[in-house]
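Accompanying notes for the structure given below.
All of the numbers you see were taken from the coordinates with simple rules; none came from a lab. Not measured: the values here are computed from a predicted model. A quick note on method: Cβ atoms are made from the backbone with ideal geometry, for glycine too, and the neighbour counts reach across all protein chains shown.
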């Protein structure tokens, strides 16, 4: 068979069938490179799509949150509920949030957590009524795959994260204010509260300061006023009967301090002053009120605290480990001298 070729300058060039091997090898290399490049592109797309699918799958929708706190009659806990709700809505504007008050009753709170668990909430924000005794309820919720975050007070049972004020610092600030005002000498009572870590840490912080001053005498420290104004009033009335002379009172929260102030006014007692913890709007009003014995409070920020609690819980909900399992938020002492500069809680 005769194969045609091109004639250039009087010479016949071979047809494609007779091209030298070097030309064939070049074509093969080009073809091979095209195949490799195509394979690499397909491989890249495969992995990229896989990673995108993983990222998409990780963003679970937060559908429901249950909040249970000590007492929604206390503005502090109202702000916790508002802060937690606001933060949850940043992840899903349609998230369902149920805020409940256990009224510092452990059985009520255990029942509330049981109901949250049965309804299949994604997250529980827990302000424990009893830090240790709530453990079994926490374990039950976590066994069902529910994220549990402790707020304001610690909680046993293996919570996923804890967000609260630096309560030891709050007690230390209150204690130092009392010592400084008394010049290191005087008789003091501590009006205590619920068996929760925040209260225990505040009392421990104050006592750590008092112990440095031998002339500071703590006459009472175990009276539980239940963290309420009514409880503070009852306990203070009893203490005024038991102790004829007092120089200062440390109340573990502002409602208790306000109750102590009311009791003193009813008894006509004005020879001592009162320090609390919270920085609540009611405390600010009392600090500015003429004739009030309420002189200082270590200010917290419950709204911010709750926001950070839900933020930590959401990380866990998405399968991530929180950067810190326990987050402590600093506090600041507010007194009559600087109350004018105090801007109050976040909301």
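Between region 302-346 and region 227-292, what is the separation of their alpha carbon centroids in Å?
Region 302-346 and region 227-292 have Cα centres spaced 27 Å from each other.
For a quick protection proxy, order the peptides 237-250, 151-164, 79-92, 331-344 by their average other-Cβ count within 10 Å, most packed first.
Descending mean neighbour count gives 151-164, 79-92, 237-250, 331-344.
Is region 181-247 rounded, prolate or oblate when judged by the Cα gyration tensor, a ≥ b ≥ c being the square roots of its eigenvalues, rounded requiring a/c under 1.5 and prolate requiring a/b larger than b/c?
Judged from the Cα gyration tensor, region 181-247 comes out oblate (a/c at least 1.5, b/c at or above a/b).
Highest mean first, how do 180-186, 254-260, 115-121 rank when packing is the count of other Cβ atoms within 10 Å averaged over residues?
Averaged packing, sorted descending, gives the order 254-260, 115-121, 180-186.
Within region 154-195, what residues put their amide N at less than 19 Å from the label point 7 Å along the Cα-to-Cβ vector of residue 243?
Hits in region 154-195 for residue 243 at 19 Å: 171-194.
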